[in-house]
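To start, the structure itself, in structure tokens.
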Amino acid sequence: MGVGPGRRAEELYREEGTRLWRAVLAYTGDREIANHAVAEAFADLLRRERPFRRPVPMIWRAAFRFGTGEMAGRARFAGPGPPEGVDAVLDEGGLHDPSGLLLMGLRRLVPTQRGALALRYYAGYSMRAAARILGSSYVAMPLRLFRGKRRLRRLLKEKSADLKARFAMLERVTAPDLWRDIERAGRL
């Protein structure tokens, strides 16, 4: 059963929005970008005249693509690297919030590795589904996951590779309620 404008969109947002927002946050490392990407993905759904048969994959793809575009736009002005002071915090172990430490470590990875790790270990997508969401090749996913896991373990100074437990800490990050922004953008 498809979802059309206003039909089941809010219910779908309530089911998927928080999980999607946290995955996009892990991918982009920026709350503003995550807010914008998720709101635009759901607003696109509201603006559609014809319903989608499978709206969830479309929303995830759209949010990650909006996030990718926003990161590229900001990189032109700020540079693609992590913010200043990340190395000091990671080296000194001065950050007590494990989800914050994970997000800071993810910022040190290339975006394709961040996206692969977030979709696989936080959102629970298969490699094939994660590749579709990222607009990537399925063949490249195992290498992105391997390299991303190895680098993230080094950055977090962990020996084990229990990334599901580490990514589960993202549940501590409070997600905003974007529904009003979505409705406003959907009317434009």
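Please treat every number below as a calculation from the coordinates, not as lab data. Only a predicted model underlies this, so the values are computations on that prediction, with no experimental measurement involved. Cβ atoms come from the backbone with ideal geometry, glycine included; neighbour counts cover every protein chain shown.
The table that follows gives values for the structure above.
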| quantity | calculated |
| --- | --- |
| Efficiency of FRET from Cβ geometry, Tyr138 and Lys159, R₀ 35 Å, rounded to 0.05 | 0.75 |
| Exposure proxy ranking, count of Cβ atoms within 10 Å, fewest first, for Val173, Val24, Val56 | Val56, Val173, Val24 |
| Debye, to nearest 20: dipole size of the stretch 124-184, +1 on Lys, Arg Cβ, -1 on Asp, Glu Cβ | 560 |
| Point-to-point label distance, Arg8-Glu171, nm (Cα→Cβ direction, 7 Å offset) | 2.6 |
| For the stretch 103-188: rounded, prolate or oblate by the Cα gyration tensor [a/c cutoff 1.5] | oblate |
| Cβ-Cβ FRET estimate between Arg150 and Arg31, R0 fixed at 41 Å, reported to 0.05 | 0.90 |
